[in-house]
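Notes to accompany the following structure.
Values quoted throughout were computed directly from the atomic coordinates according to the rules given, and no laboratory measurement underlies them. Bear in mind the structure is a predicted one, so any value in this text is a computation, not a measurement. Methodologically, a virtual Cβ is constructed for each residue, glycine included, from the backbone with ideal geometry; neighbour enumeration extends over all protein chains shown.
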Amino acid sequence: MDRRGGAAAHAARGQPAVGHPARAAGLAFDRALTEALRAAEAGQRATFGVTSYDDRIARRKARATPAGAMWTAEVERLRTLREDNRLSGIPRVPRLVPAF
């Protein structure tokens, strides 16, 4: 199957063909934000300590420290950025409707 046949097959299945740079950039930014969020959550867990995994009071006490507040703010900031990117930052590629 040649390249045109592959793109036509993607379009016929209702999936966009590969090669949309704006969408690829939006998805790459989403992956980068997800990795940064995972790292920030790991830092937050390390700052809070093992006791805060199961004990909500220990988690609240850890969140009230300056380091805990800093990590909590960073995690919330990254979550907001990722959500905003997912809602409006990844351009949708119009799907081609197959002609019958």
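Summing Lys and Arg as +1 and Asp and Glu as -1 over all other residues whose Cβ lies under 12 Å from the Cβ of Ala24 gives a net charge of +1. Loop-located trypsin sites (Lys or Arg not before Pro) in the range 18-100 (DSSP state not H, G, I, E or B) with no more than 15 neighbouring Cβ atoms inside 10 Å: Arg92, Arg95. Once the C-beta distance of Arg38 and Leu96 is scaled by a Förster radius of 25 Å, the resulting FRET efficiency is 0.10 to the nearest 0.05.
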